[in-house]
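Computed from the coordinates by the stated procedures, all read-outs in this text should not be read as laboratory data. Since we're looking at a predicted model, the values are computed, not measured. Because the Cβ atoms are built from the backbone with ideal geometry, glycine has one as well, and the counts that use them run over all protein chains shown.
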Amino acid sequence: MTIMGEMKRIILLGDSVRMQYQPVVGKKLAGFAEVSGPEENGRWSGYTLNSLRFWLPQLPKPDLVQWNCGLWDMGDDYQEGRHFYPPDLYEETCHRICRVLRQLTGKTDLPIVIATTTPTLQEDHRDIELYNDILRRVASEENALVNDLYAVVAPAKDEMICEDHIHLSPAGVEAVAEQTANALRAALG
């Protein structure tokens, strides 16, 4: 499907998991959409928010943006007994990402898809579930759609997550890319 003879343009933003599946999504959407994203890892939500002003001018003007930040936000990297970005700050920053995306693209009705954070091979996923619930709430309040990658990976996480316990295995990349391609195609109707 094209807009006045042109391919649709999709930008994917997010961490290293996004960087894994983005090329496969691009292949799956070939002929329908051009898929791009920064060559840089989006890390945590505050980093992505700050980087939008640098990334967006370097990327095609999007017809849709999918983004995700989460695992970095919930980490306790300095062993302080707290999340790097506590839930309230995470929620505020996620709202701001949606608003700033629309502001910087000049499209108040820019379709936005928020992808949930994939599970890890750790047993306790309470933090991931908490932060994914925040993403769902933000999506509802910001008129965005949710691409539930957690639901795709969680039932078969032993097969879909590689030996580092965080990133996707080849099977995980394929499953997440298929889910994402279908979600983005549906979002653009």
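Details
- In sequence order, the range 51-56 has phi-based couplings of 7, 3, 5, 8, 6, 4 Hz under the Karplus curve 6.51 cos²θ - 1.76 cosθ + 1.60, θ = phi - 60°, and Gly or Pro positions carry x.
- Each Lys and Arg adds +1 at its Cβ and each Asp and Glu adds -1 at its Cβ; summed about the Cα centre, the chain shows a dipole of about 1020 debye.
- Virtual paramagnetic centre 7 Å along Cα→Cβ of Gln122, amide N under 17 Å, in the range 159-183: 161-168
- Of all DSSP-defined beta bridges confined to the chain, some 20% are antiparallel rather than parallel.
- In the chain, lysine pairs closer than 17 Å at Cα, eight or more apart or cross-chain: 5
- Here's the picture: a label point sits 7 Å out from the Cα of Ala186 along the beta-carbon direction, and within the range 110-130 the residues with their amide nitrogen under 18 Å of it are 111-118.
- Dimensionless Rg ratio for the range 76-161, taking C-alpha atoms and the 2.2 N^0.38 Å reference: 1.22
- Around Gly75: net Lys/Arg minus Asp/Glu count, Cβ-Cβ under 12 Å: -4
- Placing unit charges on the Cβ atoms of the charged side chains and taking the dipole of the chain about its Cα centre, the candidate lying farthest along the positive direction among Val173, Pro111, Thr93 is Pro111.
- Extension gain (nm, one decimal) between Asp133 and Arg53, 0.36 nm per residue minus Cα-Cα: 26.1 nm
- Note on the range 53-102: percent of Cα-Cα distances in each 10 Å bin, starting at 0 and stopping at the bin with the largest distance, equals 21, 41, 27, 10, 1.
- On the beta carbon distance between Glu6 and Glu141, with R0 = 25 Å, the FRET formula returns roughly 0.20.
- Cα-derived Rg over Rh, computed across the range 128-189 with Rh taken as Kirkwood radius: 1.02
- Note on the chain: with a GNM built from Cα contacts shorter than 10 Å, the maximum mean-square fluctuation among Asp124, Asp158, Asp63 falls on Asp124.
- The ratio of the alpha-carbon radius of gyration of the chain to the globular-protein estimate 2.2 N^0.38 Å is 0.98.
- The distance between label points at Cys162 and Asp77 comes to 2.1 nm (points 7 Å beyond Cα on the Cα→Cβ vector).
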